[in-house]
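The values are calculated or read from the model by the stated rules, or taken from the named source; none is laboratory data. Note that the structure is predicted; figures quoted are calculated from it, not measured. Every residue, glycine among them, receives a Cβ derived from its backbone with ideal geometry; neighbour counts consider all protein chains shown.
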Amino acid sequence: MRYYLKYLKGDPVIWMIVILLMAFSLVTVYSFVPVLVKIEGGTPFYYLSKHLLYVVIGFVSMYVIHRIDSKYIYQISKFAYYLAIGLLLFTMFFGINVNGADRWIRVPFIGLTFQSSDFAKLALMIYLSKILVKKEKQLNDWKEGVLPLLVPIIVICGIILVDNLSTGLMLFFISMILLFIGRFPWKKWLSIIGAGVLLLTMAITVHEAFPSLDLLPRYDTWKARVTRQFSDESAGIENAQANNAELAIYNGSITGQGVGDGRLKGYIPEAYADFYFASFIEEFGLISGVLLILLYLILLLRIIKIALKSDVLFESYLCLAIGIHLLFQSSINMLVCTGIFPVTGQNMPFLAMGGSALIMACISIGIVQSIANKNNKKTATATSFDINGEK
């Protein structure tokens with residue numbers, strides 16, 4: 001393993017965790033897709049092959065990005081932001097419908113689909129990190145400091161929220177945490193949070209008052225999910241997938257049923273994605289679930305270490321945003337599977353059946369490893385100076 005790691009720059013622990021998770025995903029996806037075979041046809045091997053293609057694309061993307069100097073990420077941040085807006089608007093009007101939501105773009109010629117919000121999340125994190133650095137001394141000025149940060153958040157989160165409430169809200173809160181880390185004035189910070197809540201409330205009010213406008217196409221779905229979460233009738237048929245997810249966790253017990261032997265995964269529509277954690281616990285058990293949580297926490301801690309080690313603010317902010325996003329996404333999947341959160345569409349990073357989420361998570365880690373590689377080079381140079389007595 002050490003022989004191959006010499007070709008992978010940056011943090012070796014992050015490389016090992018991500019490669020381990022992606023390799024393990026091949027086993028679990030093959031095991032968790034029977035429900036998809038029943039619904040859409042095909043064979044488990046077909047979906048495994050498709051996922052393997054995404055894994056290969058993700059790893060290659062991660063490798064290429066980690067070899068690029070992070071200063072180039074800084075330079076293309078504005079372009080990435082505007083490209084994200086364009087992709088989101090294109091998806092809104094011309095996207096294909098999957099599971100009742102128009103969130104996907106079909107890639108020409110190869111037939112694969114891409115969720116534009118996955119790219120938009122990373123693009124916004126990169127752009128906000130850059131603006132936080134540029135406007136560091138103007139954060140007390142609404143026009144010069146606050147609006148340049150606020151507008152991108154409202155635009156990206158607003159467009160995503162129309163069709164994907166959980167992703168829009170998650171991205172908004174990640175943005176708020178990033179602003180807090182960037183020493184944003186706390187009074188203005190609270191004002192922005194209040195304004196965000198007010199805008200969402202107004203959008204819901206307008207939608208309920210004038211349903212013909214169809215301002216929030218999936219509002220009824222959101223409302224039903226939240227209502228069922230806090231209703232005494234949550235055991236009904238409509239909430240069967242959430243109930244089956246909880247039963248799968250119970251059925252997994254301490255050591256699990258074994259690979260391929262899970263029985264309830266066949267009754268959970270998104271066992272390979274949105275309800276991945278429940279299917280994982282059923283087959284691998286609570287002990288494996290705890291180990292999985294520890295892997296994500298170690299991944300976060302290593303990313304935080306890289307962020308703190310960097311002497312470039314942009315790199316520190318971006319690393320922290322990426323780490324927080326990965327933790328948020330995995331935590332929401334676990335909380336949904338355990339019945340604490342209403343049903344949402346957040347899957348497990350690097351583990352759930354592949355697609356744009358897997359590729360963008362790999363690109364995110366590639367950026368982190370690029371920054372880690374840069375840190376390592378500076379440390380090596382400083383150490384060399386110390387040894388030679390030149391410093």
TODO: State whether the residues of region 166-187 include one that is more than 18 Å from the chain's Cα centre (by Cα) and among the hydroxyl-bearing types (Ser, Thr, Tyr).
DONE: no
Task: Among residues of region 255-278, those that are closer than 14 Å to SER330 by Cα and of a type in the set (Ser, Thr, Tyr), counted - done: 2
Open item on the list: Quick check on TYR276: is it at pLDDT 95 or above and on the phi < 0 side of the Ramachandran plot?
Closed with: no
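Working carefully through the options LEU147, LEU178, LEU199, find the one that is surrounded by fewer than 16 Cβ atoms within 10 Å (Cβ to Cβ) and over 22 Å from THR91 (Cβ atoms). Steps first, answer last, please.
Values: LEU178 fails: surrounded by fewer than 16 Cβ atoms within 10 Å (Cβ to Cβ); LEU199 fails: over 22 Å from THR91 (Cβ atoms).
Sole residue among the options that is surrounded by fewer than 16 Cβ atoms within 10 Å (Cβ to Cβ) and over 22 Å from THR91 (Cβ atoms): LEU147.
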Task: Scan of region 132-173 for residues that are part of a helix (DSSP H, G or I), in contact with a Lys or Arg (Cβ under 9 Å, 6 or more places away or on another chain) and free of Cβ contacts under 8 Å to residues at least 40 places away in the same chain, ordered by number - done: GLU144, GLY145, PRO148, LEU149
- [ ] Mind listing just one residue for me: the one in region 56-88 that is hydrophobic (A, V, I, L, M, F, W, C) and in contact with a Ser or Thr (Cβ under 7 Å, 6 or more places away or on another chain) and, of those, surrounded by the fewest Cβ atoms within 10 Å (Cβ to Cβ)?
- [x] ILE68
Open item on the list: When the residues of region 308-321 are narrowed to those that are surrounded by 21 or more Cβ atoms within 10 Å (Cβ to Cβ) and without any contact (Cβ under 8 Å) to a residue 60 or more places away in the chain, which ends up nearest to PHE184 (Cα to Cα)?
Closed with: SER316
Open item on the list: Among the numbered criteria (1) at pLDDT below 95; (2) under 20 Å from the mean Cα position of the chain (by Cα), which one does LEU21 miss?
Closed with: (1)
Task: Every pair of residues 6+ apart whose Cβ atoms lie under 6 Å, when the first sits in region 174-188 and is without any contact (Cβ under 8 Å) to a residue 60 or more places away in the chain while the second is of a type in the set (S, T, N, Q) - done: PRO185/ASN140
TODO: Take the residues in region 1-34 that are assigned to a loop (DSSP other than H, G, I, E, B) and of a type in the set (A, V, I, L, M), then tell me which one is nearest to ALA278 (Cα to Cα).
DONE: VAL33
Task: In region 31-59, the residues that are of a type in the set (Ser, Thr, Tyr) and touching a residue at least 24 places away in the same chain (Cβ under 8 Å) - done: SER31, TYR47, TYR54
Open item on the list: If I ask for residues that are charged (D, E, K, R) and closer than 13 Å to GLY366 by Cα, which ones from region 303-328 would you list?
Closed with: GLU315
TODO: Return the only residue of PHE350, PHE328 being at positive phi and at pLDDT 90 or above.
DONE: PHE350
Open item on the list: Here is a list: SER129, SER175. Which entry is in contact with a Phe, Trp or Tyr (Cβ under 6 Å, 6 or more places away or on another chain) and at pLDDT 90 or above?
Closed with: SER129
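Residue-wise test of (1) more than 19 Å from TYR81 (Cβ to Cβ); (2) of a type in the set (Gly, Ala, Ser).
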| position | (1), (2) |
| --- | --- |
| ARG106 | yes, no |
| SER117 | no, yes |
| LEU128 | no, no |
| ILE153 | no, no |
| VAL162 | no, no |
| GLY168 | no, yes |
| ILE174 | no, no |
| ILE181 | yes, no |
- [ ] Restricting attention to region 153-163, report how many residues are surrounded by fewer than 21 Cβ atoms within 10 Å (Cβ to Cβ) and either among the basic types (Lys, Arg) or in contact with a helix residue (DSSP H, G or I) (Cβ under 6 Å, 6 or more places away or on another chain) (or both).
- [x] 0
Task: Per-region count, region 308-346, residues not aliphatic (A, V, I, L, M) and not in a helix (DSSP H, G or I) - done: 9
Task: Qualifying positions in region 235-259 - at pLDDT below 85, among the small types (Gly, Ala, Ser) and touching a Ser or Thr at 6+ places or on another chain (Cβ under 9 Å) - done: ALA242
Open item on the list: Test of understanding: among SER49, SER61, which residue is in a helix (DSSP H, G or I) and in contact with a helix residue (DSSP H, G or I) (Cβ under 9 Å, 6 or more places away or on another chain)?
Closed with: SER61
Open item on the list: One residue is enough: does region 35-42 have a residue meeting the conditions out of contact with any Pro (no Cβ under 7 Å at 6 or more places or on another chain), surrounded by 20 or more Cβ atoms within 10 Å (Cβ to Cβ) and not in a helix (DSSP H, G or I)?
Closed with: no
TODO: Among the residues of region 252-304, write down those that are without any contact (Cβ under 8 Å) to a residue 24 or more places away in the chain and assigned to a loop (DSSP other than H, G, I, E, B).
DONE: ASP261, ARG263
